[in-house]
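The structure appears right after this line, and notes come after that.
The values are calculated or read from the model by the stated rules, or taken from the named source; none is laboratory data. Since we're looking at a predicted model, the values are computed, not measured. Neighbour counts run over all protein chains shown; Cβ positions are idealised from the backbone, glycine included. Note: accessible area is taken over every heavy atom of the protein model, side chains too, but ligands, DNA and RNA are not part of it. Shrake-Rupley method; radii C 1.70, N 1.55, O 1.52, S 1.80 Å.
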Amino acid sequence: MLVKFGELLKPFLYSFRDLVPIIVVVGFFQLVVLQQAIPNVNEILVGTLLVVIGLALFVRGLEMGLFPIGESLAYSFARKGSLFWLLSFAFALGFGTTVAEPALIAVAKEAAFVAAQEHIIAETREAMDAYAMGLRLTVAVSVGIAILVGVIRIIKGWPIHYLIIAGYIGVVLMTGIAPEEIVGIAYDSGGVTTSTVTVPLVTALGVGLASSIKGRNPMVDGFGLIAFASLTPMIFVMGYGMFF
């Protein structure tokens, strides 16, 4: 009974361990550097406890649900031998997980609000909603295409560094010609796509696919899809700013 209780407690202890550096840094600067008492201590303690519990449950949920289903779907599509359906699934997975990404929703709303304040778009709810949705769909399509290309790379065995180098050359070139108002948003869009929803499923897809294809090493070929997912949104969002 004690062993089972210890196993149940481990995820919460690991989550607390991961949060300790943040707690130490905040406490040091608040108490030592600023020499101020921590405000709302009770609320902060309760909030920290909720974060520990939520993080532990989230990680456990990934291990139990998202990782296995991603790997099993990739394996099933590989065994089926239909390239069309495999690529369709890769695009749909990238698009679906990204358009629902909470971080992207928050960034798109903030970008729309600032664009309205700067008179880049009309300062109306309809214009801001349309701008935010257009940004979200642009990023989601770009991630879908990125995952599709990443799956083709795994199937063909292409070296990842050539594709990444070519992609970042494209980012640098587009940075020079894109409107400066959109460049920062484009760079942030690349970061928010690699968040809580997208990363687990995309990683599981890559590892599962590489594991099921003869001659592919899951350690070498299974990872790297996330790099594509963070690269292509920068190019697509800058293009979105140039044309729309």
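Of all the listed residues (ALA186, ALA178, ALA166), the sole one being surrounded by fewer than 17 Cβ atoms within 10 Å (Cβ to Cβ) and farther than 14 Å from PHE91 by Cα is ALA166. Residues in segment 154-163 that are of a type outside the set (Val, Ile, Thr), open to solvent by 40 Å² or more (accessible area, probe 1.4 Å) and in contact (Cβ under 8 Å) with a residue 24 or more places away in the chain: 1 in all. In segment 102-124, the residues that are free of Cβ contacts under 8 Å to residues at least 40 places away in the same chain form Cβ pairs under 8 Å with partners that are part of a loop (DSSP other than H, G, I, E, B) and open to solvent by 100 Å² or more (accessible area, probe 1.4 Å), at six or more places apart or across chains, as follows: ALA116/GLU123; GLN117/GLU123. Right, LEU201: within 15 Å of VAL99 (Cα to Cα) and assigned to a helix (DSSP H, G or I) or not? The answer is yes for LEU201. Under the condition of being surrounded by fewer than 17 Cβ atoms within 10 Å (Cβ to Cβ) and part of a helix (DSSP H, G or I), the residues counted in segment 76-93 number 8. Screening ALA74, ALA111 for residues that are over 15 Å from the mean Cα position of the chain (by Cα), modelled with pLDDT under 85 and among the small types (Gly, Ala, Ser) leaves exactly one candidate, ALA74. Of all residues in segment 94-122, those being assigned to a helix (DSSP H, G or I), open to solvent by 50 Å² or more (accessible area, probe 1.4 Å) and of a type outside the set (A, V, I, L, M) number 6. Any residue in segment 92-106 that is touching a Phe, Trp or Tyr at 6+ places or on another chain (Cβ under 7 Å) and among the aliphatic types (A, V, I, L, M)? Looking through segment 92-106, none of the residues is touching a Phe, Trp or Tyr at 6+ places or on another chain (Cβ under 7 Å) and among the aliphatic types (A, V, I, L, M). One residue alone among PHE223, PHE244 is under 28 Å from TYR75 (Cβ atoms) and open to solvent by 30 Å² or more (accessible area, probe 1.4 Å), and that residue is PHE223. Scanning segment 208-220 for residues that are surrounded by 21 or more Cβ atoms within 10 Å (Cβ to Cβ) and in contact (Cβ under 8 Å) with a residue 60 or more places away in the chain returns GLY208, LEU209.
One residue alone among LEU49, LEU34, LEU57 is open to solvent by 60 Å² or more (accessible area, probe 1.4 Å), modelled with pLDDT under 85 and over 30 Å from LEU205 (Cα atoms), and that residue is LEU34.
Here ASN40 meets the list (1) farther than 22 Å from ARG153 by Cα; (2) over 23 Å from the mean Cα position of the chain (by Cα); (3) in contact (Cβ under 8 Å) with a residue 60 or more places away in the chain almost entirely, failing just condition (3). Taken together, VAL141, VAL151 contain a single residue that is open to solvent by less than 10 Å² (accessible area, probe 1.4 Å), β-branched (Val, Ile, Thr), closer than 30 Å to GLY241 by Cα and not in a loop (DSSP other than H, G, I, E, B), which is VAL151.
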